[in-house]
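As structure tokens, the structure follows; a few thoughts come after it.
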Amino acid sequence: MSSPDATSTTTSTTSTTSTTAPPPAAAHTLAGRLFHWGRIALVLAVVLAAFWTVQSHWSEVSDTISTMSWTTLLPAFLCLPLAIACSTLSWQFLVDEIGEPIGAARGAQIFLVGQLGKYLPGSVWAYVLQMELGRRAGLARARIFTATVFSLAVAVVAALLTGALVIPSLIDNDDSLAPLQWLYLLLPIGLVCLHPRVLDRLVGFGFKLLRRPQRDHPVRGRAIVLSLAAAVASYFFFGLHLWLLTDGAGDGAGLLLTCVGTMAVAMISGLFFFILPSGAGVRELVIVTALAPYVGTGTAIALAAVSRVMLTAADIVTAAGAAAVGIYERRRHGPIHHDPGIEDDER
């Protein structure tokens, strides 16, 4: 039997513990709810913006498609998931290099669903959405942000290398594209930043600045080479898509190289005009300027519109597929490993 003093002491201790226990953080709970509903609203806005892009180009697209056979349209469309898959791999090689490997299903869900944010005015929403999706998947925002920044550097370098042969002819055909030549001022900077030692120092500095645990190994050259190769491959498939839409106009190999270079320049040009949803208008201007000497201006405009709608549809299909696979993987394998210090992201 316990004594009254012991009971009193226990009661006092319990009372003290109860008194000193921190109350539920109402503000933090409210902030969490706001973030949750904000993410849902952002995803809905992204989906609506993507469908609006398809609808806004549908009149000219339907007229052009009616004159094209499925043997042209189907191969051209199938090139796009391959190009998007290569873009995803280019990003994921860098994500895996600065942390624990995340797996193809998890990476595709973050990258592809997040990429739909580019259809909102101000393509920065794509990167915001990727960081939030990464956070929900157990990855620190600092890791996603760092990998995304360097994947953009890889994409710029790959585009400039791939589009080197086509930019002079684009400027000759349309003086309004003359600013494209200034992009080559970024090439030496990009090549320096992609050196393993430089990239490792930059990643380490970023993690230190954001007060996140450092990686257990330096950034390796192999990951950078693989990321760059995947980016170049993505531009090849984007170019092959455009070449197939021309249905054999012009000489085969020459026009194919032109299309590959054109799509590389078009994609990266849209990136720099980030205020426009997915570079709307800028990408089409580059495509029309490149194709007009081969197929005529009217047909080039129509093909640029068809390419835009096809790419939007491919973005939606691949994002939906990645989301479905991600849900299946979580249900099958259960909880996933979280990055160290990820709790700090909620502060």
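The values are calculated or read from the model by the stated rules, or taken from the named source; none is laboratory data. The model shown is predicted, which means the values in this text are computed figures rather than measured ones. Note that each Cβ is placed from the backbone with ideal geometry, even for glycine, and that neighbours are counted across all protein chains shown. When the accessible area is computed, the model is the full protein with side chains, heavy atoms only, and any ligands, DNA or RNA have been set aside. Shrake-Rupley method; radii C 1.70, N 1.55, O 1.52, S 1.80 Å.
Mind counting the residues in the range 322-344 that are part of a helix (DSSP H, G or I), open to solvent by 20 Å² or more (accessible area, probe 1.4 Å) and either at pLDDT below 80 or in contact with a Pro (Cβ under 9 Å, 6 or more places away or on another chain) (or both)?
Residues that pass the stated criteria total 9.
In contact (Cβ under 8 Å) with a residue 40 or more places away in the chain and closer than 18 Å to SER66 by Cα: is that true of VAL306 in this structure?
yes
If the Cβ limit is 8 Å and pairs must be 6+ apart or interchain, which residue in the range 313-332 that is under 14 Å from ILE110 (Cβ atoms) and polar (S, T, N, Q) pairs with which residue that is surrounded by 15 or more Cβ atoms within 10 Å (Cβ to Cβ) and modelled with pLDDT of 85 or more?
These pairs meet every condition: THR318/PRO81; THR318/ILE84; THR318/ALA85; THR318/ALA108; THR318/LEU112.
Does SER56 count as open to solvent by 10 Å² or more (accessible area, probe 1.4 Å), at pLDDT below 80 and among the polar types (S, T, N, Q)?
On the way: open to solvent by 10 Å² or more (accessible area, probe 1.4 Å): yes; at pLDDT below 80: yes; among the polar types (S, T, N, Q): yes.
The answer is yes for SER56.
So which residues in the range 156-189 are within 24 Å of the chain's Cα centre (by Cα) and buried (at least 19 other Cβ atoms within 10 Å of the Cβ)?
VAL156, VAL157, ALA158, ALA159, LEU160, THR162, GLY163, LEU180
Report yes if some residue within the range 130-152 is closer than 22 Å to MET263 by Cβ, polar (S, T, N, Q) and crowded, with 16+ Cβ neighbours inside 10 Å; otherwise report no.
The answer is yes, given that some residue of the range 130-152 is closer than 22 Å to MET263 by Cβ, polar (S, T, N, Q) and crowded, with 16+ Cβ neighbours inside 10 Å.
Can you find even one residue in the range 87-100 that is small (Gly, Ala, Ser) and modelled with pLDDT of 80 or more?
Yes, that holds for at least one residue.
What are the residues in the range 61-95 that are within 13 Å of VAL306 (Cα to Cα), among the small types (Gly, Ala, Ser) and in contact (Cβ under 8 Å) with a residue 60 or more places away in the chain, if any?
ALA76
Which of the residues that make up the range 96-116 are open to solvent by 30 Å² or more (accessible area, probe 1.4 Å), touching a residue at least 60 places away in the same chain (Cβ under 8 Å) and assigned to a helix (DSSP H, G or I)?
The answer is ASP96, ARG106, GLN109, GLN115.
Checking PRO218 against (1) surrounded by fewer than 20 Cβ atoms within 10 Å (Cβ to Cβ); (2) modelled with pLDDT of 80 or more, which single condition isn't satisfied?
(2)
Which one of ALA253, ALA314 is modelled with pLDDT of 70 or more and either open to solvent by less than 30 Å² (accessible area, probe 1.4 Å) or in contact with a Pro (Cβ under 8 Å, 6 or more places away or on another chain) (or both)?
Numbers: ALA253 fails: either open to solvent by less than 30 Å² (accessible area, probe 1.4 Å) or in contact with a Pro (Cβ under 8 Å, 6 or more places away or on another chain) (or both).
One residue alone meets the criteria, ALA314.
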